[in-house]
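Structure first, then comments.
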Amino acid sequence: MRRIKTNTLLIKTPEGIVFSLLLAGPVTRFLAWALDLACIGALSSAVGTLLGLLGLISFDLARAIIVLACFIIQIGYGIVMEWFWRGQTIGKRLLRLRVMDAQGLRLQFSQIVIRNLLRFVDLLPAFYLVGGVACLISRRAQRLGDFAANTIVVRNPKVKEPDLDQLLAGKFNSLRQYPHLSARLRQRVSPTEARVALQALLRRDELDALARVELFEEIAGHFRSLVEFPPEANEGITEEQYVRNVVDILFRSQWPNRQEKPEAAPA
Amino acid sequence: MIIDLQKFVASERRHWADLESLLDKLENDPGFKLSLDQLKHFHYLYERTSADLAKITTFASEPQTRRYLESLVARAYGEIHETRETPHRLAPVHWFVNTFPQTFRRHLRVFWLSVGITIVGSLFGAGAIAFDPGAKSVIMPFSHLQGDPSERVSREERTADDRLSGVKGTFSTTLMTHNTQVSILTLALGMTWGIGTIIMLFYNGVILGAVAADYLLAGQTKFLVGWLLPHGSFEIPAILIAGQAGLILGGALIGWGGRTSLGTRLRQVSRDLVTLMLGVAGLLIWAGFVEAFLSQYHEPIIPYWAKISFGAVELGLLALFLARSGRKPAQDAELGMRNEERN
């Protein structure tokens, strides 16, 4: 069967745990390279100016050392940065990219050197055409250097812990007055459905007003089709609040301390 | 079943934080080594976090927590399952005296293949010049090689002043960087299943053969050897070794007769490729110095016999170094025993 190219690499550990890595695409990588190129240019020019002072002793010596220094910076920038920053250069760091071993293992020095030396082929004929095409074709978005070094470039978006406290706590939940129906709801709703509802709530402010009403209507309707609560449980609450109550039941099995003895009227 | 996410996060958070801080230490300080107790704890935390990831993936599908745990497990996985040795300190002398020649000898047959391709190219270049001297401008597109060799020799031998005065250093480093770039390209073209490397070696051979034939036919053998041998004794082997590295890479991509996967084959040769290329860079630095400071001076400034002798000694020492350096006594004894058995 033909394997479909995705931007995610799944790695299965011997313990049977599967984790995914988000692969970086050619455009992001090209932007990171452009930033690195600017850094190389700035560094070379700074070193050139500094070493130019040697011209006071010997012009030939100064020029020879500048030629050598610029060459070393050009070749060594990627190698040194990726080695000391564990797979990152300045450009990659700014765009949250990281070079990793294709099997998820620790990056080796030899892998870093090879992927950087093979840049010479990826650059051909100009502007990373070979590397870019290889990256587009490759299932793991690898340029030729990555392929030879057995490395991949992954994107690490900033990982935040979910702010469930802000989302769920502190509100009266009318559905909790029916524990047997709540239990049935927890039993019937799949994790995927629960995730959809949670994500809809977390991202509610990004939606247009009309789309927001329609979306929560649809989700609420789906949950109602799974478990029907008595009409008084739904009285006076919006569809969005209904979904919020459902998510509260799904993701928190116990009453929060403040709501242990609900006496107030439905919110 | 859907797990109580808040309770779950609250109870497990400290273990994740522990694992994260240990990973930070390991990643930020390459010299940091875990004690046995720390290692056991690290393993425990890895397994616990892995189990948490499995739980959250199965019973909650909450993407943010899952991504956070995935990033922890991915980082810890790399540390736990890595079995390749990582050198903790640099040992350049040991590397140069032992690792480089040993690696070279381990792939000796590939080196001879690289030599063979260059020889075929040289014969082609020499033949082309011998049979069609007009092809010179096509085969050697370098202005300083276009003229008549005898005229060049007489002009250079008449020159008393130092034409490289004041630019020797720059000339030397320009040669080093240019040759290193050519070598890296020769290695990198190994990614074309070795075809690009073969073309590079062949083309180098064509130029070398054409220049040699041009000077030999003009009766300028002594000048040719005195001009090329001092730096060529390091520069040509360096390009041949770069070709060796490129062919090893191409061979790993093709993988004749082996049962190992492509990834494993590339992993097996990666360290050798780096070793060979670093060795090539070292050889080219020396060649650059010699070419700028010695090769460009001819009689009467430096006698040809002195240049030729210098080049021959260099070549002999390099051959001896590559053939013998880093040989373990056990290997020698084993080799001796094999020879005795044969006799």
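The values are calculated or read from the model by the stated rules, or taken from the named source; none is laboratory data. Since this is a predicted model, take the numbers as computed values, not measurements. Ideal geometry is used to build each Cβ from the backbone, glycine not excepted, and the neighbour counts take in all protein chains shown. All accessible areas refer to the heavy atoms of the entire protein, side chains included, with ligands and DNA or RNA removed. Shrake-Rupley method; radii C 1.70, N 1.55, O 1.52, S 1.80 Å.
Cβ-Cβ distances below 7 Å connect the following pairs, each with a first residue in the range A:218-246 that is in the same structural domain as A:Ala194 (by TED's automatic domain parsing) and over 17 Å from A:Leu202 (Cα atoms), a second residue that is of a type in the set (S, T, N, Q) and assigned to a helix (DSSP H, G or I), and a separation of six or more residues or different chains: A:Ala233/A:Ser174; A:Ala233/A:Gln177; A:Ile237/A:Ser174. When each of A:Phe30, A:Phe71, A:Phe19 is tested for being within 35 Å of the chain's Cα centre (by Cα) and away from every other protein chain (no Cβ under 13 Å), the lone residue that passes is A:Phe30. Being closer than 22 Å to B:Ser154 by Cα and open to solvent by 20 Å² or more (accessible area, probe 1.4 Å) is a condition met by at least one residue of the range B:270-292.
Go through the range A:81-106 and give me each residue that's assigned to a helix (DSSP H, G or I) and either at the interface with chain B (Cβ under 10 Å from one of its Cβ atoms) or closer than 23 Å to B:Gln181 by Cβ (or both).
A:Met81, A:Glu82, A:Trp83, A:Phe84, A:Gly91
I'm trying to understand the selection: among the residues of the range B:167-195, which are at the interface with chain A (Cβ under 7 Å from one of its Cβ atoms) and either outside any helix (DSSP H, G or I) or on the phi > 0 side of the Ramachandran plot (or both)? Hit for the range B:167-195 is B:Val167, nothing else. The lone criterion from (1) within 27 Å of B:Gly263 (Cβ to Cβ); (2) more than 7 Å from every other protein chain (Cβ to nearest Cβ); (3) assigned to a helix (DSSP H, G or I); (4) open to solvent by 20 Å² or more (accessible area, probe 1.4 Å) left unmet by A:Gly78 is number (4). Being over 23 Å from A:Ala64 (Cβ atoms) and either within 27 Å of the chain's Cα centre (by Cα) or of a type outside the set (Asp, Glu) (or both): is that true of B:Thr174 here? Spelling it out, it is not the case that B:Thr174 is over 23 Å from A:Ala64 (Cβ atoms) and either within 27 Å of the chain's Cα centre (by Cα) or of a type outside the set (Asp, Glu) (or both). Among the residues examined, B:Ile302 qualifies as surrounded by fewer than 19 Cβ atoms within 10 Å (Cβ to Cβ), part of a loop (DSSP other than H, G, I, E, B) and aliphatic (A, V, I, L, M). The condition of being assigned to a helix (DSSP H, G or I), within 14 Å of chain A (Cβ to nearest Cβ), among the hydroxyl-bearing types (Ser, Thr, Tyr) and open to solvent by 10 Å² or more (accessible area, probe 1.4 Å) does not hold for B:Thr260.
Answer with yes or no whether A:Cys39 is within 14 Å of chain B (Cβ to nearest Cβ) and surrounded by 15 or more Cβ atoms within 10 Å (Cβ to Cβ). No: the conditions fail for A:Cys39.
Against the definition (open to solvent by 30 Å² or more (accessible area, probe 1.4 Å) and at pLDDT 85 or above), how does B:Asp18 come out, yes or no? Yes.
Residue pairs whose Cβ atoms lie under 8 Å apart, separated by 6 or more positions or on different chains, with the first residue in the range A:107-135 and under 25 Å from B:Gly279 (Cα atoms) and within 7 Å of chain B (Cβ to nearest Cβ) and the second open to solvent by 20 Å² or more (accessible area, probe 1.4 Å) and not in a helix (DSSP H, G or I), are A:Gln108/B:Arg84; A:Gln108/B:Thr86. Looking across A:Ile137, A:Ile152, one residue alone is β-branched (Val, Ile, Thr) and open to solvent by less than 10 Å² (accessible area, probe 1.4 Å). It is A:Ile152. The lone criterion from (1) modelled with pLDDT under 90; (2) open to solvent by less than 60 Å² (accessible area, probe 1.4 Å); (3) away from every other protein chain (no Cβ under 13 Å) left unmet by A:Ala62 is number (3).
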